[in-house]
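Working notes for the structure below.
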Amino acid sequence: MLRLLKAWILAAGALLALPGVAQEKLNIFIATGPTSGVYYPMGGGMADLLTKHVPGLNATAGTTAGSVANLQLMQNGQAQVALSMADVSWDAYKGQQKFQDKPVLVRALMVLYPNRVHVVTVEGTGINKFTDLKGKRVSTGAVNSATEVMAARLLEAYGMSIKDVIQERLDPGKSSDAIRDKKLDAYFWVGGVPTSAVTDLAATPGIKLKLIDHSEALEAMVKKFGPLYVKDVIPAKSYPGQETNNQIVTVWNVLIARADIPDQLAYDIVKTLFDRKEDMVRVHKDAQYFDFRYQTNAAAVIPFHPGVIKYFREKGLNVK
């Protein structure tokens, strides 16, 4: 009976290896963000490329509220790969803030692109500087989004809190709609440039976009949360009618994965995204930041996956 069983296993393996015989694929889910942001098209483009160019892999991407929700999905085993802001993945890795006493076994795959903080309003709201948000109708981002985390930290850096605004919790698309309908004065958004929801608002006839400077908050944020943030700008002309540079705070976006995905899978994902960078740039121009010079532990914050360390060291990078 044992010999017969061994013979059956060998025959089955040979059959699966034959051309034209379907083999079971490895399925992974990539958690992204709101449809009106950048994570969603970026993650969708990744899924398409990985499915096409990594043998035996079927990758799908889906919309979520953003970074916090993505880490929760990863913790529950519902997502294997996700896009996240570095500060949120750090909180999840350490088991702090929204992940208090519930650390997530997460590792970095690659540093993606700078996630620029937008504080969006329009002319006629009376908001000209950050502290003018006090008492205004403000969306602090969708529930369980990284934008919510950033909004709270920025407000704190200015000596304010969520209680100082009339809070709404909307994604950027719904926030822009609410401003057009005069039901909202301003909103926070953390994402790539350009973000379609901001572009659409700025292009609305009769509306003049205003992006509020807030880079002076950096010192207080770094003092409390560590070197997760840097000063940056949203360059003039990034959005219709934006005539000057917007002085802001930025945090890096990171492609992350569950720590228990196979080393070879992690290796293949990152190799494919670097090999096919130009395909990703056609999905969104912020993929231009997919660069080996940004693949540092300081930017990723959390440790890299062992499979990725192998790939980067083949490219001469000293990461851990």
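Quick look at the numbers
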item	result
Share, in percent, of DSSP beta bridges within the chain that are antiparallel, nearest 5	65 percent
Mean Cβ neighbour count within 10 Å, used as a protection proxy, ranking 100-106, 264-270, 76-82 highest first	264-270, 76-82, 100-106
Set 52/320; 102/136; 223/271; 210/271; 52/231; 129/174 screened for pairs whose C-alpha atoms are more than 31 Å apart	102/136; 223/271; 210/271; 52/231
Part-to-part distance (alpha-carbon centres) for the stretch 67-129 and the stretch 183-235, which is given in Å	16 Å
GNM top mover of 181, 232, 48 - the chain, alpha-carbon springs below 10 Å	181
Ellipticity estimate at 222 nm from DSSP helix runs (n ≥ 4, -39,500 (n - 2.57)) divided over the chain, nearest 500	-11000 deg cm²/dmol
Mean separation of Cα contacts under 8 Å, 6 or more apart, over the residue count of the chain: relative contact order %	22 percent
Residue of 159, 135, 206 that the Gaussian network model of the chain assigns the largest fluctuation, springs spanning Cα pairs under 10 Å	206
Mean shadow area of the stretch 54-96 over all directions, Cα convex hull, nm²	3.6 nm²
Reach of residue 315 by Cα under 17 Å, taken over aspartates and glutamates that are not fewer than 8 positions away in the same chain	263, 268, 275, 291
Förster radius 22 Å - calculated FRET efficiency between residue 78 and residue 102, Cβ distance, rounded to 0.05	0.90
Rg/Rg_globular for the stretch 142-222, with Rg_globular taken as 2.2 N^0.38 Å and Rg from C-alpha atoms	1.12
Computed log₁₀ I(q)/I(0) - Debye formula, equal Cα scatterers, no solvent, the stretch 115-251, q 0.09 Å⁻¹	-0.22
Max mean-square fluctuation residue, GNM over the chain, Cα-Cα springs under 10 Å, options 112, 184, 26	26
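Computed from the coordinates by the stated procedures, all read-outs in this text should not be read as laboratory data. This structure is a prediction, so every number in the text was calculated from the model and none was measured. Using ideal geometry, Cβ is built from the backbone for each residue, glycine included, and neighbour counts are taken over all protein chains shown.
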